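Novice: Sharing a structure below in structure tokens format, with a few things to ask.
The values are calculated or read from the model by the stated rules, or taken from the named source; none is laboratory data. If you're wondering where the values come from, they're calculated on a predicted model, not measured in any experiment. Reconstructed Cβ throughout: ideal geometry from the backbone, glycine too, with neighbour counts over all protein chains shown.
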């Protein structure tokens, strides 16, 4: 149990950050207010609605197109664990903590100290980093090819339609989120956090485009801490790699290790150096957030820019954050 | 007695040589055949008296030689030319090449410092470096890790070294140094790491530190005189900085000094601006945060401040005040004034009396600017000199964790460090600008030494309801405070401009074009696509009877971060893929110098004779 989190992702080098250039669209107004439960468009829809449970009408309402490209799918259902996916919270969302999940979990790995022990227990440590199995290939693009349609993972979210054009404002990278997101599919939810079958963090995007809190938080933290080198929306800069690709090429533990310890790749043709962030609370307390956000960008079909709708921040997430940041 | 003792105690070395060094550089600058200082001259005018290349014949110029720097990443600044030698610098690892122009550009010497690579990631926005400086037979290199090295200009031999900052705390360097008298004036970077900004003077001959003036903190550490250092004509008073911060936040409060410096030998004052207060979350630093975002005038001998002007009190948008101060002599209301003109990141151009620090005007130089309605010009008003912030665009008033949208300009400013040029003939300023707006969401962050200290998420996009591009190259009339003409550019113009007596203005673009335009009309007269995007500054020199124009290519810097992946246009809604295609579709990394000149046939009639030269100018 204890999942220590962590997911994989790639990354190479996160670095500092500041602003992001991005698409603007904003959504600004459309962010769900805190009381999202009362607002249909913003429904949290707690646990991932695994598609089996097609989300009650309410939830959907794709609030104004903005991003969410495909409204359909994005949810990743878990492989086996199917069951867990969810106690589909009743629309009221709020409850996450209670309603949801197996309560066991200790929230997240984040420990500022950076001790990152890699591979902690976690059973499936092998963590196959990449989406093997043909699941939406990491690269870019990937529009659903038949293969994914047949989601390996059992119930794989079939809703293959992947992003319909509207959304993907980016052009290149994978705006298509085929169905089940392979190894990154949600196996279970716990107090607003989502995990894969390997017990590593992953993202959740509801049918109406609402992202889980960590993904939203990761958007913010990424663009504060990482963007200055890795470019807006994880897309890379003139000198640092696109993390939305990298996360698909390394597992969560490797990602964690690189963030904590930094990296140096210096040669005649390049000098890529990433600092160690192990002591930086602004990074370490949000490492899962950043990871999950990048996964949502790279594996899921989260479009560029600010996520239009976000799930509520659960008390557990808040408590973990306060504890980590020493608030 | 008003001067602090502590300053005097640290003065060292001979003043007599000082004057000589000063004279040396001044005479080198006065020789228009050379390019002896990054800024063209002490006034930051970036204007050359050379007139062999003219508006009539510039269409005929051609690349005549090129040089690869061997380094990728962003190339800012420009080469220097002193006598027959050209000095070319690179981004980290900060190589310096001395090229022998009299001998086919052979490399006379090369100096490559050893620096800890750990400095790379603590440079906020790529490993740029804005070039070496020359004075008194020495080349001054200021490395990314803040080590200053004096090299013998002839041999490349190291004469002395000095360490200005500590990269492990996020203190880095991107700027050139400015030689003045017997000193070199040195700034520091790291505002995104909570670095406390300062300016330091080192003895040119020995490398010994002579004074340091912090941007924030106790009066004696800022080298201010509470009674005689003024702000808009009034004494700044005691504890002016400390009283404008909460607690000890000033110690990690930014106000770094990484821009271009100017010097007025008559007034004997140096001018520069200070950067943003740290963090980017304004809620964490209540108060005016003095003296971040401030134009400073100091005595180069002891660092004592004569006057300050804080442009953006309590910054909420990252509008660093470091852009160049351009010194001119122009008439204002019928009276000849010694002016300082500053195109700030915040979108206002400030015109001041550079001797007294009087504010003469403050106007928007991009109509998109919306975060403030105006700067109050009434000396009787309590708000005198302060921008009138629009609540809708105030990230402070909207609060932490709230996304403030549609703020213009974006954090990179209506103009960043890319320096403007000024022609005394047209009396126009030629300004490379960004035409970009943003959303800005501040949130709480904690400080860790040597780690980024930002605290905001930004999204940037082309200014709405405009031409859709992200930049303009404008001609600004400082007499009327109006834009005379504006050339839309697809990407931000991140290259320093050059104006010449040939009535030509040059600049580079992020796609890699070197462009020449008519100084009066802005008409495009020539363009050539160099191997990589341009964020360097155009320079010119004369050699072997020919005027040359040179530019460093090498995309990167802030522009390489934000633009590499492309932006999307909020106006076009979803699915506007390709509307703002990525810069990476146009160019790739590469450091190269490209040098242009007229063909022999065009100059055979003699330099300076623009009519003759024009004969073959019909570009075809």
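Novice: Mind checking whether some residue in the stretch A:294-307 is at positive phi, part of a loop (DSSP other than H, G, I, E, B) and modelled with pLDDT under 90?
Specialist: Yes - at least one qualifying residue is present in the stretch A:294-307.
Novice: Looking at residue A:240 and the list (1) at the interface with chain B (Cβ under 10 Å from one of its Cβ atoms); (2) in a helix (DSSP H, G or I), which single condition is not satisfied?
Specialist: In the conditions (1) at the interface with chain B (Cβ under 10 Å from one of its Cβ atoms); (2) in a helix (DSSP H, G or I), residue A:240 misses (2) alone.
Novice: State yes or no: is residue B:207 at pLDDT 95 or above, more than 26 Å from the chain's Cα centre (by Cα), on the phi > 0 side of the Ramachandran plot and assigned to a loop (DSSP other than H, G, I, E, B)?
Specialist: no
Novice: Another one. Considering B:430, B:440, which residue is more than 21 Å from residue B:78 (Cβ to Cβ) and touching a strand residue (DSSP E or B) at 6+ places or on another chain (Cβ under 9 Å)?
Specialist: One residue alone meets the criteria, B:440.
Novice: Here's a follow-up. Modelled with pLDDT under 95, over 15 Å from the mean Cα position of the chain (by Cα) and more than 14 Å from chain B (Cβ to nearest Cβ): is that true of residue A:199 in this structure?
Specialist: no
Novice: Then there is this: Output the residues belonging to the stretch B:62-86 that are modelled with pLDDT of 95 or more and buried (at least 24 other Cβ atoms within 10 Å of the Cβ).
Specialist: Scanning the stretch B:62-86 gives B:75, B:76, B:77, B:78, B:79, B:80, B:81, B:86.
Novice: Return only the number of the condition from (1) part of a strand (DSSP E or B); (2) facing chain A (nearest Cβ under 9 Å); (3) modelled with pLDDT of 85 or more that residue B:450 does not satisfy.
Specialist: (1)
Novice: Here's another thing I want to ask about it. Can you name the number of the only condition in (1) touching a residue at least 60 places away in the same chain (Cβ under 8 Å); (2) under 26 Å from residue B:39 (Cα atoms); (3) in a loop (DSSP other than H, G, I, E, B) that residue B:480 fails?
Specialist: Residue B:480 satisfies every listed condition except (1).
Novice: Answer with yes or no whether residue B:406 is without any contact (Cβ under 8 Å) to a residue 60 or more places away in the chain, within 14 Å of chain A (Cβ to nearest Cβ), surrounded by fewer than 24 Cβ atoms within 10 Å (Cβ to Cβ) and at positive phi.
Specialist: Yes: the conditions hold for residue B:406.
Novice: If I go through the stretch B:220-238 residue by residue, how many of them are over 22 Å from residue B:358 (Cα atoms) and out of contact with any strand residue (DSSP E or B) (no Cβ under 9 Å at 6 or more places or on another chain)?
Specialist: The qualifying residues number 1.
Novice: Looking at the structure I just gave you, is residue B:440 under 19 Å from residue B:293 (Cα atoms) and within 11 Å of chain A (Cβ to nearest Cβ)?
Specialist: yes
Novice: Is it the case that the stretch B:456-465 has a residue that's more than 12 Å from chain A (Cβ to nearest Cβ) and either crowded, with 24+ Cβ neighbours inside 10 Å or over 23 Å from residue B:560 (Cα atoms) (or both)?
Specialist: Yes, the stretch B:456-465 contains a residue that is more than 12 Å from chain A (Cβ to nearest Cβ) and either crowded, with 24+ Cβ neighbours inside 10 Å or over 23 Å from residue B:560 (Cα atoms) (or both).
Novice: So how many residues does the stretch B:119-150 have that are away from chain A (no Cβ under 14 Å) and more than 19 Å from residue B:200 (Cα to Cα)?
Specialist: Counting residues in the stretch B:119-150 that are away from chain A (no Cβ under 14 Å) and more than 19 Å from residue B:200 (Cα to Cα) gives 2.
Novice: Another one. For residue A:246, indicate whether it is within 8 Å of another protein chain (Cβ to nearest Cβ), crowded, with 24+ Cβ neighbours inside 10 Å and under 21 Å from residue B:127 (Cβ atoms).
Specialist: It is false that residue A:246 is within 8 Å of another protein chain (Cβ to nearest Cβ), crowded, with 24+ Cβ neighbours inside 10 Å and under 21 Å from residue B:127 (Cβ atoms).
Novice: From B:428, B:487, which residue is away from chain A (no Cβ under 14 Å) and without any contact (Cβ under 8 Å) to a residue 40 or more places away in the chain?
Specialist: B:487
Novice: Is there any pair with a first residue in the stretch B:220-238 that is without any contact (Cβ under 8 Å) to a residue 12 or more places away in the chain and a second that is surrounded by 13 or more Cβ atoms within 10 Å (Cβ to Cβ) and outside any strand (DSSP E or B) whose Cβ atoms are under 6 Å apart and which are 6 or more apart or on different chains, and what are they?
Specialist: Note: pairs meeting the criteria are B:237/B:226.
Novice: Follow-up. Taking the options A:218, A:209, A:182, name whichever one is over 17 Å from residue A:284 (Cα atoms), within 14 Å of chain B (Cβ to nearest Cβ) and touching a residue at least 24 places away in the same chain (Cβ under 8 Å).
Specialist: A:209
Novice: Follow-up. Which numbered condition in (1) modelled with pLDDT of 95 or more; (2) surrounded by fewer than 24 Cβ atoms within 10 Å (Cβ to Cβ); (3) farther than 30 Å from residue B:77 by Cβ is the only one that residue B:400 fails?
Specialist: It is condition (1) that residue B:400 fails.
Novice: For the stretch B:152-189, enumerate the residues that are out of contact with any helix residue (DSSP H, G or I) (no Cβ under 7 Å at 6 or more places or on another chain), buried (at least 17 other Cβ atoms within 10 Å of the Cβ) and closer than 15 Å to residue B:115 by Cβ.
Specialist: Once the filter is applied, which keeps residues that are out of contact with any helix residue (DSSP H, G or I) (no Cβ under 7 Å at 6 or more places or on another chain), buried (at least 17 other Cβ atoms within 10 Å of the Cβ) and closer than 15 Å to residue B:115 by Cβ, the stretch B:152-189 yields B:162, B:164, B:165, B:171, B:173, B:174, B:189.
Novice: So, one more: Suppose we filter B:292, B:244 for residues that are buried (at least 22 other Cβ atoms within 10 Å of the Cβ), under 24 Å from residue B:233 (Cβ atoms) and over 21 Å from the mean Cα position of the chain (by Cα); which single one remains?
Specialist: Unique residue meeting the criteria: B:244.
Novice: So, one more: Looking only at the stretch B:464-488, how many residues end up being at pLDDT 95 or above and closer than 30 Å to residue B:585 by Cα?
Specialist: Here the count works out to 8.
Novice: Of all residues in the stretch A:212-231, which are part of a helix (DSSP H, G or I) and over 16 Å from the mean Cα position of the chain (by Cα)?
Specialist: A:224, A:225, A:227, A:228, A:229, A:230
Condition check ((1) in a loop (DSSP other than H, G, I, E, B); (2) surrounded by fewer than 22 Cβ atoms within 10 Å (Cβ to Cβ)) across all residues:
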| position | (1), (2) |
| --- | --- |
| B:251 | no, yes |
| B:263 | no, no |
| B:270 | no, no |
| B:275 | yes, no |
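Novice: Checking residue A:322 against (1) under 18 Å from the mean Cα position of the chain (by Cα); (2) not in a loop (DSSP other than H, G, I, E, B), only one condition comes out false. Which one?
Specialist: For residue A:322, the failing item is (1).
Novice: Would you confirm whether any residue within the stretch A:254-272 is over 18 Å from residue B:121 (Cβ atoms), surrounded by fewer than 24 Cβ atoms within 10 Å (Cβ to Cβ) and in contact (Cβ under 8 Å) with a residue 60 or more places away in the chain?
Specialist: Yes, the stretch A:254-272 contains a residue that is over 18 Å from residue B:121 (Cβ atoms), surrounded by fewer than 24 Cβ atoms within 10 Å (Cβ to Cβ) and in contact (Cβ under 8 Å) with a residue 60 or more places away in the chain.
Novice: Same structure, new question: What number of residues within the stretch B:105-118 satisfy the criterion of being farther than 27 Å from residue B:180 by Cβ, within 11 Å of chain A (Cβ to nearest Cβ), touching a residue at least 24 places away in the same chain (Cβ under 8 Å) and in contact with a strand residue (DSSP E or B) (Cβ under 8 Å, 6 or more places away or on another chain)?
Specialist: 1
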